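What follows is a set of notes on a single structure, which appears directly below.
The values are calculated or read from the model by the stated rules, or taken from the named source; none is laboratory data. Please read all numbers here as calculations on a predicted model, not as lab measurements. All Cβ positions, glycine included, derive from the backbone under ideal geometry; neighbour counts span all protein chains shown. To get the accessible areas, we keep the full protein, side chains included, count just its heavy atoms, and leave off ligands, DNA and RNA. Shrake-Rupley method; radii C 1.70, N 1.55, O 1.52, S 1.80 Å.
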Amino acid sequence: MSVDLSTSLGSLQLAAPTMTASGCAAAGRELAQFGDVASLGAVVTKSIMLNPRSGRATPRMAETPSGMLNSIGLQGPGLEAFLEKDLSWLVENDVTTIVSIAGGSVEEFREIAIRLRDVPGIAGLEVNISCPNVESRGQVFACDPNSASAVIEAVRAEWTSSAPILAKLSPDVTDIVTIARSVADAGADGVSMINTLLGMVIDVDNMRPLLGGRTGGLSGPAIRPVAVRAVYQVHAALPDLPILGMGGIRSGHDALEFIAAGASAVSIGTVVFGDPGAPWRVAAELAKELDARGYGSLREVVGAAHKG
Ligand code: RRO
């Protein structure tokens, strides 16, 4: 079997189609005991903000049917510590790295882009405008086309590197195509979709929301059909816009659904908590799924569900 799994996201050429999903494998280092991190399509790092941040009150996780809720709240070490401790390891180990960035304001996103643009070893930026666990819904920039484009315009204006800018979109909108169009018009080279859906679990023994932050982001197989639908809609409307697909992918079969819907590569998230080798396993399974259907390459299947 020799299936060509190489792919691309805009100008970024990828030897392999599976990446870690932001927030599910820190900055990649913790996966090194389970496989060769440099052989992944990329590591997408946990979203980084300008300053260190402690995140939300505990509990921060809840199990749900076929999924989980998280309410982390952008916990992280801040940009300087990330560059010193995390990015340096990724660069030393030849890992293709997509840095996920987050901000509480357009200006914070701009500042981060300025600080990162001359840093070597960044293969792409994933601009996280869709974290559900923020102080106000007004900070979920991806829920409004004008707010979404304001962030992407600011990042685009400062980003002098040729590494692509991917805007990470939220499924919690009436029409995701409108948002995708606005970020593409603002200069995004592609989109990552989807972030988690806003959810809640109630602890009925003490009659309170279970999570410290009350609401959380729903991920895992429960959201996969929502994600596949979002990818399909955006690819149908904007067939030339590269898509990094994610949302409940557990197997090569799941990944193939995203590719057929229009994604050029996929991120593997929640499954990694129980199966840290999943990003490599899913790539191997995807090759088998393609081969079993007589395809010689992944590229020929991108968007195949739209044809005919
Ligand atoms: O940190 C989080 O709570 C978080 C983020 Br930044 C995100 O983008 N999506 C999510 O489900 N959780």
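The accessible surface of region 1-73, taken with every protein chain in place and a 1.4 Å probe, is 51 percent carbon and sulfur.
In region 204-249 the Cα-Cα distances spread across 5 Å bins starting at 0 as 5, 19, 17, 14, 14, 11, 8, 6, 4, 2, 0 percent of all pairs.
Semi-axes of the equivalent ellipsoid of the chain: what are they in whole Å, largest first, if each equals the square root of 5 times a C-alpha gyration tensor eigenvalue?
Working: eigenvalues 139, 102, 83 Å².
In descending order, the three semi-axes are 26, 23, 20 Å.
Per the Cα gyration tensor, region 243-308 maps to an equivalent ellipsoid with semi-axes of 20, 13, 8 Å, ordered largest to smallest. Karplus-derived 3J(HN,Hα) values for region 94-102, using 6.51 cos²θ - 1.76 cosθ + 1.60 with θ = phi - 60°, are 6, 8, 5, 10, 9, 8, 8, 10, 9 Hz; glycine and proline are entered as x. The mean accessible area for residues of the chain, using a 1.4 Å probe and ignoring ligands and nucleic acids, is 40 Å² per residue.
For region 1-116, the Kirkwood estimate of hydrodynamic radius, built from reciprocal distances between every pair of different alpha carbons, is 15.7 Å. Relative to the compact-globule estimate of 2.2 N^0.38 Å, the Cα radius of gyration of region 149-299 comes out at 1.16. Each pair of Cα atoms in region 87-222 enters the Kirkwood radius, and Stokes-Einstein at 25 °C and 0.890 mPa s then converts it into a translational diffusion coefficient of 155 µm²/s. The charge dipole of the chain, taken about the Cα centre with unit charges on the Cβ atoms of Lys, Arg (+1) and Asp, Glu (-1), comes to about 460 debye, rounded to the nearest 20.
Put simply, the amide H of Ser8, placed in the peptide plane, has neighbours under 5 Å in Leu14, leaving out anything fewer than 5 places away on its chain. The convex hull of the Cα atoms of region 66-136, projected and averaged over all directions, covers 6.0 nm².
Just checking the listed ones, Ser264, Ser39, Ser162: in the Gaussian network model of the chain with Cα springs under 10 Å, the one fluctuating most is Ser162. Site-free segments of the chain were taken between trypsin sites (Lys or Arg not before Pro) in DSSP loops having at most 11 other Cβ atoms within 10 Å, sites themselves excluded; the longest one is 1-292.
In region 151-232, the portion of solvent-accessible area held by carbon and sulfur atoms comes to 51 percent [1.4 Å probe, whole percent, DNA, RNA and ligands not counted].
Between Val204, Val191, Val234, the GNM of the chain built on Cα springs shorter than 10 angstrom shows Val204 fluctuating the most.
Taking Cα centre as origin and charging only the Cβ of basic (Lys, Arg, +1) and acidic (Asp, Glu, -1) residues, the dipole magnitude of region 1-97 rounds to 440 debye.
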